[in-house]
Amino acid sequence: MDYSDFVDTASELIAEYGQPATVRHVVNLAADSGVMITVDATGKTYTRNQGSWIDDGFVVGDSVTFTKFANAGNNGARVASKVAALVLTCSTAPGLVDEADVYDVTASANHDAACNVVEKNVNSISMYASSLMAGASVSESTRFFMLAGATPQALDKLITAARTFTIEGFRPLSPGDTVIYWVVRVKA
């Protein structure tokens, strides 16, 4: 079945009625005794012995903040210029010093994706976003809404009208294989 007309109609309505918002995706490498990180100052890399930077959600362009290295020059924010499973490369790394086999390192980053929340009826689908305005409270009846333009994930935040919301749950609305909207529940 061809859903292109539905997608086009939905996209036009989002453009007309969507409230600008941002989904802030939070990614972390938590302190873990099983993960060991080695720093190579010359290559500007942080190499792990197991797991995956990619699977943890890190992407090129992230400002990644590292902590718990013995050498203070290896801690702090670095911009990721290349992300592979075991190696995260930084575009610049002033103060970086070779350091081998460090356990319990933490790394975290945020990246934002622009999106819209929709409060109109699109093809008989009810959407509620009016409660996401600045100064409004979120009630049981109005904290479900539709989001388009970004894919939410667990631990993400939704930022709109100078307010930040925790995303409590989400599911795709996808006729066929095309995700048109995400149905999202938030908490102030």
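The values are calculated or read from the model by the stated rules, or taken from the named source; none is laboratory data. Source: prediction; values computed, not measured. Reconstructed Cβ throughout: ideal geometry from the backbone, glycine too, with neighbour counts over all protein chains shown.
Please tell me if residue 68 is among the charged types (D, E, K, R) and loosely packed, with under 14 Cβ neighbours inside 10 Å.
no
Within the stretch 71-107, how many residues are among the small types (Gly, Ala, Ser), in a strand (DSSP E or B) and surrounded by fewer than 18 Cβ atoms within 10 Å (Cβ to Cβ)?
Total meeting the criteria: 4.
For residues in the stretch 131-159 being in contact with a Ser or Thr (Cβ under 7 Å, 6 or more places away or on another chain) and not in a loop (DSSP other than H, G, I, E, B), which is modelled with the lowest pLDDT?
That would be 131.
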